[in-house]
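Undergrad: Handing you this structure, nothing more for now.
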Amino acid sequence: MRIGIVCYPTVGGSGVVATEMAIALAQRGHEVHLLSYDRPGRLRRGVPGLRFHLVQVSAYPLFRYPPYDLALATRMLEVREEADIDVFHVHYAIPHAVSAFLARSMCGDNACMPFVTTLHGTDITVVGSDRAYMRPTRFALEQSNAVTAVSRYLAEETQLVFGVRKEVEVVHNFVDVERFKPVARKPWRERPDEERVLVHASNFRPVKRTADVVRAFAAIQKQIPARLVLIGDGPDRDHTLAVASDLGCIDKVEHLGMQENVQDLLPQADLFLSASETESFGLSMLEAMSCGVPSVSTDVGGCSEVLGDTGRLVPFNQPEAMAQAALKILTDEALHQRLSVAGRQRAIEHFATDRIVAQYEAIYARVVG
Ligand code: GMT
């Protein structure tokens, strides 16, 4: 098939999922065209069958807000004409689903450009419930040839918040279990100082509550030797590091910023911490799980669907409870090992790339008819 994929290139799960999907689809023999306003971080060079198309948004002095949605619709139509695309798959509803609808309308015939919209989370839970975006987004979802959500939680939330008169199919996110895999590490007692390594990876937006990760860590490192590695960057970075300073643990917190080789860093950790206020899925937790790194996460959104019983869930906004759950795992090597093995197994059985990408292929085949 000839597939067009649209995504945001910036830090954030939806761009990662879309890019990994473009690569996987190309590797499965499809001709894939990836459209974005910048080159996504995860996009490797030289993948046969995969082409990148830049969406250029011009900034005229008159435009305080350049109309990205129009530029995208035009680019989609151009790529459709150039490459004879069979189906478009837009990741993140706002405004990508609206641009897809516009492109299809400009095409003049609904059959010429079917599109699938995948909801990722904040497009529904945060941004979507903004009045300014609600009606066009609901309209574009109803006009999509298929709508998918990355968790059951998000599918239900979409019906609840948007009242969409359309089935929202659940297709979970996936992980490359060959790339995200465990590495041999020394048992704690053989390490200098018996140090445990905790990790958190996100885009440091307020919804991630990264300061709570540090609060939990501050309590943990009072009980056992530990270090916290922070991966990613975003608006809450300075506040998060300031909290670490205030709590007297900044010398044990390492902020690595944006990293391309997350697959090399995650397996070096003993535990992943996630303190999000809302999380439709939690892709980094899945990547950690695939590396055999258990998680302690807030019990929000779709996190329980991802972790099953391979991690621990604690109430939101209770860093002390997060610290206690983490300490239980980090002081019991047998429990840690059990969770690690179960997590890796769960990633392989439920979330491996081929299994999930095949579900999308079936949806494409259906909408193309
Ligand atoms: O919050 C982010 O990390 C960005 C956002 C996005 O769409 O770019 O992530 C959402 O999509 C990810 C991939 O499907 C999910 O793993 C995240 O849980 C989800 N974020 C939230 O729901 C807050």
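The values are calculated or read from the model by the stated rules, or taken from the named source; none is laboratory data. Note that the structure is a prediction, hence the values are computed from the model and not measured. Methodologically, a virtual Cβ is constructed for each residue, glycine included, from the backbone with ideal geometry; neighbour enumeration extends over all protein chains shown. Side chains are part of the model used for accessible areas, which takes the heavy atoms of the whole protein and leaves out ligands, DNA and RNA. Shrake-Rupley method; radii C 1.70, N 1.55, O 1.52, S 1.80 Å.
Undergrad: When Lys and Arg each count +1 and Asp and Glu each count -1, what net charge do the other residues less than 11 Å away from Arg80, Cβ to Cβ, add up to?
TA: So the surrounding residues net to -2.
Undergrad: Sticking with this one: Count the net charge of all other residues whose Cβ sits under 14 Å from the Cβ of Ala275, scoring Lys and Arg as +1 and Asp and Glu as -1.
TA: Charge balance in the 14 Å sphere: -1.
Undergrad: Moving on to the next point. Using 7 Å Cα-to-Cβ label points, what is the Ala365/Gln159 separation (nm, one decimal)?
TA: 2.7
Undergrad: Charges at C-beta only: +1 for Lys and Arg, -1 for Asp and Glu. How large is the resulting dipole of the chain about its Cα centre, in Debye rounded to 20?
TA: The dipole of the chain has a size of about 60 debye.
Undergrad: Taking 7 Å along the Cα-to-C-beta vector as the label spot, tell me the Asp109-Asp251 distance in nanometres, rounded to one decimal.
TA: Label-label distance for Asp109 and Asp251, simple model: 7.2 nm.
Undergrad: Moving on to the next point. Could you work out the percent of alpha carbon pairs in segment 188-351 separated by over 28 Å, rounded to a whole number?
TA: The share of Cα pairs beyond 28 Å in segment 188-351 comes to 11 percent.
Undergrad: Mind checking the log10 I(q)/I(0) for segment 212-281 at q = 0.16, 0.23, 0.24 Å⁻¹? Debye, one equal scatterer per Cα, no solvent, two decimals.
TA: -0.58, -1.19, -1.27
Undergrad: Further, regarding this structure: Tell me, which cysteines of the chain are without a disulfide-compatible partner by the Cβ under 4.7 Å rule?
TA: Result for the chain is Cys7, Cys249, Cys291, Cys303, no neighbouring Cys Cβ within the cutoff.
Undergrad: Along the charge dipole of segment 184-254, pointing to its positive end and built from +1/-1 on Cβ of Lys, Arg, Asp and Glu, which listed residue (Ser202, Thr240, Ala184) has its Cα farthest out?
TA: Comparing the listed Cα positions along the dipole, Ala184 ranks first.
Undergrad: How far, in nm, would the chain grow between Val47 and Gln268 when pulled straight, counting 0.36 nm per residue and subtracting the alpha carbon separation?
TA: That works out to 76.8 nm of additional length.
Undergrad: Taking the solvent-accessible surface of protein heavy atoms with a 1.4 Å probe, what is the per residue accessible area of segment 1-109 in Å²?
TA: 45
Undergrad: Counting pairs of Cα atoms in segment 160-234, how many percent are more than 19 Å apart?
TA: Every Cα pair in segment 160-234 considered, those over 19 Å come to 62 percent.
Undergrad: Do you know the relative contact order of the chain, to the nearest whole percent, from alpha carbon pairs under 8 angstrom that are 6+ apart?
TA: 14
Undergrad: Within the set of other residues whose C-beta is less than 13 Å from the C-beta of Ala342, count the net charge using Lys and Arg as +1 and Asp and Glu as -1.
TA: Local charge sum for Ala342: +2.
Undergrad: In debye, nearest 20: dipole of segment 244-369 around its Cα centre with unit charges on the Cβ of K, R (+) and D, E (-)?
TA: It works out to roughly 380 debye.
Undergrad: While we're here: Taking the radius of gyration and the Kirkwood hydrodynamic radius from Cα positions alone, what is the Rg/Rh ratio for the chain, to two decimal places?
TA: Computed over Cα atoms, the ratio is 0.99.
Undergrad: Run lengths n ≥ 4 of DSSP H only: what is the helix-derived mean residue ellipticity at 222 nm for the chain, with -39500 (n - 2.57) per run over all residues, to the nearest 500?
TA: -13000 deg cm²/dmol
Undergrad: Length gain on complete extension for the stretch Leu335 to Ser58, per 0.36 nm per residue less the alpha carbon to alpha carbon distance?
TA: 94.2 nm
Undergrad: Under a crude label model (7 Å from the Cα following the beta-carbon direction), how far is Asp38 from Gln345 in nanometres?
TA: Label-label distance for Asp38 and Gln345, simple model: 4.2 nm.
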